[in-house]
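Read the structure below first, then the notes.
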Amino acid sequence: MDVAKIDTILRKYNGDSDFLIEILQDVQAEWRYLPVDLMRHLADELGVPLARVSHIATFYKAFSLEPRGEHEIQVCMGTACHVKGASRVLDAMSRELGIGEGQTTADKQYTLEAVRCVGACGVAPVVVIDDEYHGDLMPDASAKLIARHMKEGAK
Amino acid sequence: MTQINFSNLGAAATAEQKRLAGYKAMLMVCTGTGCVSAKAFSLLDNLKEEISKRDLDKDFLVVGTGCNGFCGQGPILVVQPEGVFYQRLKKTDMARIVEEHLIGGKPVEDLMHRDLSSNKPIHKMDDIPFFSKQKLIALRNKGLVDPENIDSYFARNGYMALKEALEKGSPKSVLDEVKTSALRGRGGGGFPAGVKWASCMAAVEKTGKEPVVVCNADEGDPGAFMDRSIIETDPHTVLEGMCLGAYAIGAKEGFVYIRKEYPLAVTRLEKAISQARDRGLLGDGIMGSDFSFDIIIHRGAGAFVCGESTALMASMEGRAGEPSPKYIHNVESGYKDRPTVLNNVETWANIPVIVDKGGKWFAAIGTGDVSKDPWGGSSGTKVFSLVGNINNTGLVEVPMGITMREIIFDVGGGIPDGREFKAVQTGGPSGGCLPASLLDEPVDFDTLTRAGSMMGSGGMIVMDDHTCMVDVAKYFMEFLKDESCGKCNPCREGTVTLYGILDRITSGKGVKGDIDELERISRVMEAGSLCQLGATACNPVLSTLRYFREEYDAHIDEKRCPGKVCKDLITFTINDECNGCMVCAKRCPTNAISGEKKAKHTIDQKECIKCGICNDVCKYDAVNVE
Ligand SMILES: Cc1cc2nc3c(=O)[nH]c(=O)nc-3n(C[C@H](O)[C@H](O)[C@H](O)COP(=O)(O)O)c2cc1C
Ligand code: FES
Ligand code: FES
């Protein structure tokens, strides 16, 4: 556990427990999950029960109790994307990666997530890979996109 | 940094207007999320490079703006002030625009939008039907300001309404204009903002506690991006609206609760807040007056229910976002038990214009008679995200009372690929699906509710005849069962049970009595849920049952999916149009398609997983789905 890193995050929010959700988001971004010993440390530092920290950790979708992959793939399953075939896009991605929704590849490279609306509905169906948006992405093109990403990553 | 005060705001605006007038043209490149997905940022860099290369930086200013609205045609560039509109741009087009249009004076016609029927290029943005029927209030600065530069907001009269209120008006004068405007909340419920503010003030009087104002930017409605766009396009209009609200009710603290899925909006909002602080428009003694107010951002962490007011308050205090019973309203006891005014992004964005132009002006736009009672109609405009199976996808702002048909066929350009209109979904997961027979109804709060849907926050998802309405109901129920916080039983169990029945129907295992069961459980949820998430969860089911009952019957009685969507009820075959191009065979993920070059292919039904890719890639309409 890197205490210096946690302290930096805590300082950013003045150690104010009102910002517990933001603090956990920063931890999640840094560690790619919320390690239990770290949640305990935060509870102590902020003077809140561990139960409150874990309630948040399991309530909000942004958090994960297991490490997420190096790359996060979010397939939008919002209504606009749904009527344009988003579930077929998710299936195609899942076939290409060999993992189901919510899972991470064995080499810890990719996590596949279904999310509800990333706010780019005008170019549905939409897939977001590590904060980069890809619009008008039909199933076939999405499979190709992942195949290319994996090939480039392997280099 | 010059601090802005009553006497120099006008000069700051004029200075910026002058600076901009010094350019021969301004090149407004859309950097909204839709266009960014089509590489708008690299286009922006490229355009700057082409201009610098020719030493034209003094003549032409390149600005990255928020969403232009016409997302389906992105990336987009508008040349101002002449208003020439370019769409679907590629990197290589930048040099052409600079050479032919900016230097040569001849706009590039083949990069323009074309009229759907005549196919003629349309030069000016305002002449494109998508734009010409719109009326902009909340989005008045869209594509015209640089969201990351506060001076550009000054140049558009920004913060003038606040200045006038602080200098010449009073909290009461602001409240009176908002009351007269009859502005109803744009976040879903349509509660009159003026009434809400007034009851908050009454609570302050009673309790002696200091009130707060909150902006709801959680935008949970899937398929909607109005709030995101307003913040990414013109963040200061939201800040100015909140300042005016805070002044009216006497708040010193304000919060914006924004979902973390909108990183660009968060960044732009942070920048706007820090620029406003630097210029003395937030903080102590705003513009030299004795009014002090500041705004703090809270980022949500992915939970639909957090858009609900009591859940949102819990989340802002750093807790799980579970709603609480509403015996006591937020206006009396909200954030940290203080009187709280919660309004939606778009509601706040309307406030500066209402204070500037007057409540009467605003109330004259829209439907009904609101002169005595804000519930008497729907005043003003509404921003919709017009998406789904429609030619012109994007963001539109139209006057209340316009018909669905005008929005979908005039503004939206109708249904693509020669398909038929089937339904339009409004109101998000609490809303419903409306059929063609209601296309001529006016769009306002009360008509939509009567029709079994609701206005909601402004998602408008158009569906063509290849949509299955039972599948749509199932889609929403899947969403709601995942998003139900689980605190109350009717919602937690009801959504799961409804989903189970819908899943059974769509997989061809529906039985007689399923529909009665759907209706019965819906009634229980309506009556017994703790918050509106559960109480309105049945709307997508009940509205599709009301208008598309025959589709349910087809699934249950004939095991047939009329929209040809439900996998268990369709098969893919190849017809005689097939010329053996082999594209489908190559792209089929399970190698289920066989056939020689130039000969008709066949699909092995045992291998087919019904992914539909063959149908997507076939250029010859050779795939039948039955
Ligand atoms: C389940 C649920 C989700 C909601 N989500 C949102 C939302 O994302 N954005 C929003 O502005 N209002 C949302 N609302 C409505 C808010 O509770 C509240 O009425 C609104 O923010 C008040 O602002 P307004 O009067 O300006 O619309 C939601 C309500 C419910 C019941
Ligand atoms: S529905 Fe997919 S981006 Fe909004
Ligand atoms: S994002 Fe560019 S027009 Fe909407």
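Of the cross-linked pairs B:LYS58/B:LYS106; B:LYS142/B:LYS382; B:LYS481/B:LYS509; B:LYS39/B:LYS142, those separated by over 18 Å at the C-alpha level are B:LYS58/B:LYS106; B:LYS481/B:LYS509; B:LYS39/B:LYS142.
Report, for chain B, the % of DSSP beta bridges that are antiparallel, rounded to 5. Walk me through the numbers on the way to the answer.
Working: 36 of 64 bridges.
Antiparallel bridges: around 55 percent, rounded to the nearest 5.
Taken along the Cα-to-beta-carbon direction at a fixed 7 Å, the label points for A:THR105 and B:ALA202 span 6.1 nm. Could you please report the charge total around B:THR403, scoring K, R as +1 and D, E as -1 over all other residues with beta-carbon less than 14 angstrom from its beta-carbon? Counting the neighbours of B:THR403, the net charge comes to -2.
Entry for the protein assembly as shown at q = 0.04 Å⁻¹: log10 I(q)/I(0) = -0.16, Debye formula applied to identical alpha-carbon scatterers, no solvent contribution.
Work out, step by step, the length gained on full extension between B:THR602 and B:HIS123: first 0.36 nm times the residue separation, then minus their alpha carbon distance; give nm to one decimal.
On the way: separation 479, 0.36 × 479 = 172.44 nm, distance 4.81 nm.
Result for the pair: 167.6 nm of gain on full extension.
What percent do you get for the relative contact order of chain B when only Cα pairs under 8 Å and 6+ apart count? Once divided by the residue count of chain B, the mean separation gives 12 percent.
Roughly to the nearest percent, how much of the accessible area of region B:110-159 is carbon and sulfur, given a 1.4 Å probe? Don't jump to the answer; show the numbers that get you there.
Values: 970 of 2230 Å².
Ligands and nucleic acids excluded, carbon and sulfur give 43 percent.
Label separation (B:VAL496 vs B:ASN615): 3.3 nm, computed from points 7 Å beyond Cα along the C-beta direction.
All C-alpha pair distances within region B:411-537, sorted into 5 Å bins from zero, spread as 2, 10, 18, 20, 20, 16, 8, 4, 1, 0 percent across the bins. Annotation for region B:332-411 versus region B:146-197: alpha-carbon center distance of 13 Å. Taking the DSSP beta bridges with both ends in the protein assembly as shown, the antiparallel portion is around 55 percent. For the pair B:GLU100 and B:THR14, what calculated FRET efficiency results from E = 1/(1 + (r/R0)^6), where r is the Cβ-Cβ distance and R0 = 35 Å, to the nearest 0.05? In this case the efficiency is close to 0.55. Mind jotting down the distance between the C-alpha centroids of region B:542-592 and region A:7-83, whole Å? Rounded to whole Å, the Cα centres lie 41 Å apart.
Enter the accessible area per residue of the protein assembly as shown (Å², integer; probe 1.4 Å; all protein chains in place).
On the way: 30580 Å² over 781 residues.
Solvent-accessible surface per residue comes out at 39 Å².
Taking Lys and Arg as +1 and Asp and Glu as -1, the other residues whose beta-carbon sits under 12 Å from that of A:HIS41 total -3.
Only Cα pairs under 8 Å and 6+ residues apart enter the sum, and on that basis the relative contact order of region A:42-155 stands at 28 percent.
Residue ranges B:559-569, B:579-589, B:386-396 sort as B:386-396, B:559-569, B:579-589 when ordered by packing (mean number of other C-beta atoms within 10 Å per residue, highest first).
Considering only DSSP states other than H, G, I, E and B, which chymotrypsin sites (Phe, Trp or Tyr not before Pro) in region B:509-617 qualify as loop sites with at most 12 other Cβ atoms within 10 Å?
Passing both the DSSP loop test and the Cβ count: no residue.
Shielding of peptide B:461-474 by partners, expressed as the average count of other chain Cβ atoms within 10 Å per residue Cβ, is 2. Just add up the charged neighbours of B:GLY359: K/R +1, D/E -1, any other residue whose Cβ is under 12 Å from the Cβ of B:GLY359. Residues close to B:GLY359 contribute a combined charge of 0. Each helix, a run of at least 4 DSSP H residues, gives -39500 (n - 2.57); summed and divided by the residues of chain B, these come to -11000 deg cm²/dmol at 222 nm.
Taking chain A as a whole, the Cys residues whose C-beta sits 4.7 Å or farther from every other Cys C-beta are A:CYS117, A:CYS121. For the pair region B:439-463 and region B:1-24, the centres of their Cα atoms are 42 angstrom apart.
Peptide packing for B:278-291, B:192-205 was compared via the average number of neighbouring C-beta atoms within 10 Å per residue; ordered from the highest value, the list is B:192-205, B:278-291.
Only helical runs count toward this figure. For chain A, summing -39,500 (n - 2.57) over DSSP H runs of n ≥ 4 and dividing by all residues gives -15000 deg cm²/dmol at 222 nm.
Got the relative contact order for region B:388-499 handy, in percent, Cα pairs under 8 Å and 6 or more residues apart? Don't skip to the answer; put the middle values down first.
Details: 157 pairs, mean separation 29.0, N = 112.
RCO, region B:388-499: 26 percent.
The values are calculated or read from the model by the stated rules, or taken from the named source; none is laboratory data. Note that the coordinates shown come from a computational prediction; the quantities given were computed from them, not determined experimentally. With ideal geometry, Cβ positions are generated from the backbone for all residues, glycine too; neighbour counts draw on all protein chains shown. Only protein heavy atoms, including side chains, enter the accessible area calculation; ligands, DNA and RNA are left aside. Shrake-Rupley method; radii C 1.70, N 1.55, O 1.52, S 1.80 Å.
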